[in-house]
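Each reported figure results from applying straightforward, stated rules to the coordinates on display, with no laboratory input. Just so it is clear, the model here is predicted, and its values are computed rather than measured. Here the Cβ positions follow ideal geometry from the backbone for every residue, glycine too, while neighbour counts run over all protein chains shown.
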Amino acid sequence: MIHALKGRKPYVLFLVLALLVTLLPATRAEAAYNLVWSDEFNGSTIDTNNWTFEIGTGSGGWGNNELQYYTNRSENARIENGNLVIEARKESYGGMNYTSARLKSQGKKSFKYGRIEARIKLPVGQGLWPAFWTLGSDITTVGWPRSGEIDIMEHVNNESNTHGYMHWDANGHASYGGPSHAIDVTQYHVYSVEWTPSSIKWFVDGVQFREANIANNINSTEEFHKDHFLLLNMAVGGNWPGSPNASTAFPAKMYVDYVRVYQEGGTTPPPSSAIVSGGTYKLINVNSGKALDVSGAGTAPGTNVQIWTDNGTGAQKWTIYQNADGSYKLINVNSALALDVAGSGTADGTNVQAWTDLGNGAQKWNIIRNADGTYKLINVNSGKALDVSSSGTADGTNVQIWNDNGTGAQKWQLVRL
């Protein structure tokens, strides 16, 4: 299938004169986005209301001389612990030496504009090529590249970055894009684009690394002003990554925690289902980049809660449970104590501590997603936000409650473990 030509980086035409390239990282500007669709992969099977499978080898290895046979078997794609798992295997199947999976929302879910994001953990290895991308919904009538393609995330081999690209027709195949900043792709990251009538911007964890101008169909970019559907896949081999070698570890697994689509003016608010009840998280403060931590890894009721450099210990791991009233309690993995407002206080500056799980309002938190994808935690008893004292950034800075003010000291990244 020629529309899958994703391995043509050495051959493409780069139109750069009228495309705005963002070379320096920039943080995302907050927009009034509302969640309009998501798949949180919390069920027991892949939701066929959202996804269908590509099967086989496609035309010429999906146009890229890829080496895998795509199947719909559970060995290659399944739901596991709240993730979609796409697994590439080294095995003889359908005349090929590798199998994998490719899911698409074609004919089921399509979108024009908005923020499209997924939280993904990737394998590395020579010849591996996982991707999260879109194609124009009219692909079957106009063909590729006139359908348009947005590569939100592509990764090849052992690189310490991902790539964002766009492909379209401008009297022939045209392409624009490039690599992200350096990251550890074997850890979870949020890969996203913000797509508007004027531009497409690429982000990793909210940090922008590329931008393209599509205003007024500049450079024949009309392909990006129509509906696109979503794809998730992991190719093996192909023109871009080359073939696997003896160092490539199989099976190779790509984990997708969620896929979400936000649009301006959407009517559906971000649901609480974005938080997995019973899931374990670390909470990283946006202002300081440090983790919500129980002081000294203490286990006694009344132990202080602070921020500390992210170290992966149990003192920084919190299991989040949804209460019957829709609020949440946060139970520290190391101590089994709850995140608690001392003395059920309601005044600004009241200390936050770890305490025996009592189920009272001092231990109940409404977890609310901000427009930029971070979260604020509002204590049910006081109506005040979980806050880092004086917007501090040093290890050991105290955590308290304070009036909800929308600052970075009250914004938290919830990173599922």
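For region 45-109, the spherically averaged projection of the C-alpha convex hull amounts to 4.7 nm². Each of G125, M166, H155 was scored by the projection of its Cα onto the charge dipole of the chain, and the greatest displacement toward the positive side belongs to G125; charges sit on the C-beta of Lys, Arg, Asp and Glu. Please find, in a Gaussian network model of the chain (springs between Cα atoms separated by less than 10 Å), the residue of T407, T346, T303 whose mean-square fluctuation is greatest. Looking only at T407, T346, T303, the largest GNM fluctuation is found for T407.
Compute the relative contact order of the chain as a whole-number percentage, counting only Cα pairs closer than 8 Å that sit 6 or more residues apart in sequence.
Numbers: 1134 pairs, mean separation 72.3, N = 417.
Averaging sequence separation for qualifying contacts and normalising by length gives 17 percent for the chain.
What is the dipole size for the chain, taken about its Cα centre, with +1 at each Lys and Arg Cβ and -1 at each Asp and Glu Cβ, in debye to the nearest 20?
Roughly 340 debye for the chain.
For region 2-264, compute Rh as the Kirkwood radius over C-alpha pairs and then the Stokes-Einstein diffusion coefficient at 37 °C and 0.692 mPa s; write the answer in µm²/s, rounded to an integer. In µm²/s, the coefficient rounds to 180. Straight-line reach from K384: which lysines fall under 23 Å, measuring Cα to Cα and dropping same-chain residues less than 8 apart? Partners within reach: K282, K290, K317, K329, K364, K376, K411.
Which percent, to the nearest 5, of DSSP beta bridges fully inside region 97-243 are antiparallel? Please list the in-between numbers first.
Working: 48 of 48 bridges.
Roughly 100 percent of the DSSP beta bridges within region 97-243 come out antiparallel.
Extent along the principal axes, Cα only, for region 348-408: 30, 28, 18 Å, with the longest axis given first.
Rounded if a/c is under 1.5, else prolate if a/b is larger than b/c, else oblate: which is region 275-416, with a ≥ b ≥ c the root eigenvalues of its Cα gyration tensor? Note, shape of region 275-416 comes out rounded.
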